[in-house]
Amino acid sequence: MPRPIIATIDISALQHNLQVAKARAPNAKVWAVLKANAYGHGLERGLRGFAAADGLALVEPDYALRLRELGWEKPILLLEGFFDTADLDAVIAAQLETAVHCGEQIDLLEQILPSQPRSFKLNVHLKMNSGMNRLGFPPEAFRAAYTRLRALPEIGNITLMTHLANADDAQNPGLPLQEQMARFEKGVAGLPGERSTANSAVDLMHPELRSDWVRPGIMLYGATPGGQTAESFGLRPAMTLTSEIIGIQKIATGEAIGYGSRFVAQEPMVIGVVACGYADGYPRHAPTGTPVVVDGVRTGTVGRVSMDMFSVDLTHIPNVRVGSKVLLWGDGLSVDDVAHAAGTIGYELLCAVAPRVKMVEI
Ligand SMILES: *Cc1c(COP(=O)(O)O)cnc(C)c1O
């Protein structure tokens with residue numbers, strides 16, 4: 001018997017959310033982003049959920065090859081590009097598309113591409129660092145990088161790509177979104193090619209900034225990058241993580257709960273023990289009060305999360321017993337709410353679900 005913690009993946013929710021992304025950007029083509037094992041949902045489930053996408057995008061070359069093995073024939077994009085010569089060989093063999101974000105990658109392309117057959121074409125996505133200061137060529141070096149790539153006859157389309165740092169947070173004191181887009185526009189001025197600038201946050205909150213390609217990730221899984229709720233955008237949670245109560249303690253005033261005795265009861269309480277801990281991917285830093293639903297009633301965690309268990313307050317929930325159903329996040333409790341309470345983001349919780357958690361699909 002496995003432990004009662006189960007992640008249920010709703011493939012129809014993935015399909016639905018992709019339709020929402022498409023409807024929000026009717027004139028754009030969609031890269032469905034399924035890096036990190038489809039944000040923790042499983043690569044094959046992502047593949048089935050996103051069959052209607054124009055392409056699939058991820059950062060792991062080995063997973064990209066797996067998508068080809070699984071029969072995906074439409075474009076696949078490596079968002080961080082290739083990491084070494086062996087990767088580039090794989091990119092060529094599997095007809096992947098690749099981001100190009102640094103001079104070293106162009107050096108490798110110049111070495112390797114001339115030995116390809118004349119008919120071979122590699123589509124690349126030339127990435128600009130427009131102010132996030134992570135990957136990409138600075139605006140003033142972009143044209144020179146473009147020219148180097150265009151000089152290679154084996155290069156097919158060059159898509160002009162950037163990634164926005166603050167699309168999810170209008171209050172951010174850092175680089176304003178419009179300023180970042182202005183840097184991008186300046187850097188690409190006069191260069192032909194399609195543009196790719198939008199992640200989920202742009203798709204959901206800044207429709208005016210969508211371009212030829214959109215690259216939604218988190219929204220496809222039914223969570224949001226911040227701001228409004230996923231539900232308000234018509235998105236449905238794709239992962240529902242559930243478990244059960246495996247023990248109940250009736251405790252007196254003054255009794256403490258869990259490691260470090262971080263929570264001390266101020267009144268007599270009924271405490272339930274949930275089969276879910278940080279070794280399942282539940283955040284250890286979730287404080288007392290992090291939302292949990294037991295038998296359909298919203299309550300909160302109490303005390304520290306341990307490796308395989310944490311405690312919840314059942315004091316005001318009638319008829320709870322060992323075996324009562326516990327909803328950790330998903331349909332009925334947004335992963336974004338749980339993440340917010342724990343000081344993190346839904347992305348991290350979804351990606352962190354541990355291999356020992358049984359995953360089933362509906
Ligand atoms: C992960 C990623 C995305 C998707 O971002 P979300 O916030 O999940 O929508 C888009 N573009 C790039 C380059 C990424 O790495």
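The values are calculated or read from the model by the stated rules, or taken from the named source; none is laboratory data. As the structure is a prediction and not an experimental result, all values here were calculated from the model. Quick reminder, even Gly has a Cβ in these numbers, built from the backbone with ideal geometry, and neighbours come from all protein chains shown. These accessible areas exclude ligands, DNA and RNA; they are computed on the full protein's heavy atoms, side chains included. Shrake-Rupley method; radii C 1.70, N 1.55, O 1.52, S 1.80 Å.
Scanning segment 222-237 for residues that are within 13 Å of the ligand (Cβ to nearest atom) and either at negative phi or touching a strand residue (DSSP E or B) at 6+ places or on another chain (Cβ under 6 Å) (or both) turns up 223, 224, 225, 230, 233, 235. Taking residue 183, is it farther than 24 Å from residue 324 by Cα, in contact with a Gly (Cβ under 8 Å, 6 or more places away or on another chain), among the charged types (D, E, K, R) and not assigned by TED's automatic domain parsing to the domain that holds residue 139? No: the conditions fail for residue 183. Would you confirm, using the coordinates I've provided, whether residue 109 is surrounded by fewer than 18 Cβ atoms within 10 Å (Cβ to Cβ), more than 22 Å from residue 178 (Cβ to Cβ), in the same structural domain as residue 192 (by TED's automatic domain parsing) and at pLDDT 95 or above? Criteria not met by residue 109.
Taking the conditions exactly as written (open to solvent by less than 10 Å² (accessible area, probe 1.4 Å) and either assigned by TED's automatic domain parsing to the domain that holds residue 16 or of a type in the set (Ser, Thr, Tyr) (or both)), does residue 171 satisfy them or not? The answer is no for residue 171. Selection within segment 142-171: residues that are assigned to a loop (DSSP other than H, G, I, E, B) and more than 15 Å from the ligand (Cβ to nearest atom). The member of this set that is farthest from residue 101 (Cα to Cα) is 171. Only one of the listed residues (145, 151) is open to solvent by 10 Å² or more (accessible area, probe 1.4 Å) and closer than 18 Å to residue 193 by Cβ. That residue is 151.
Which residues, counting only those in segment 174-217, are of a type in the set (Gly, Ala, Ser), surrounded by 15 or more Cβ atoms within 10 Å (Cβ to Cβ), in a loop (DSSP other than H, G, I, E, B) and more than 9 Å from the ligand (Cβ to nearest atom)? If the condition is that a residue be of a type in the set (Gly, Ala, Ser), surrounded by 15 or more Cβ atoms within 10 Å (Cβ to Cβ), in a loop (DSSP other than H, G, I, E, B) and more than 9 Å from the ligand (Cβ to nearest atom), then 193, 211 are the ones that fit.
Pairing residues of segment 242-254 that are touching a residue at least 24 places away in the same chain (Cβ under 8 Å) with residues that are open to solvent by 90 Å² or more (accessible area, probe 1.4 Å) and part of a strand (DSSP E or B), at Cβ distances under 9 Å and at least 6 apart in sequence or on separate chains, gives 242/325; 243/325; 244/325; 245/325. For segment 1-96, the strands (runs of 3 or more DSSP E) that sit wholly inside it and include 2 or more residues that are within 16 Å of the ligand (Cβ to nearest atom) and outside the structural domain of residue 328 (by TED's automatic domain parsing) are 29-33, 55-58, 76-78. A residue that is modelled with pLDDT of 95 or more, acidic (Asp, Glu) and in a strand (DSSP E or B) occurs somewhere in segment 241-256. The criterion of being more than 15 Å from the chain's Cα centre (by Cα), surrounded by 20 or more Cβ atoms within 10 Å (Cβ to Cβ) and of a type in the set (Ser, Thr, Tyr) does not hold for residue 85.
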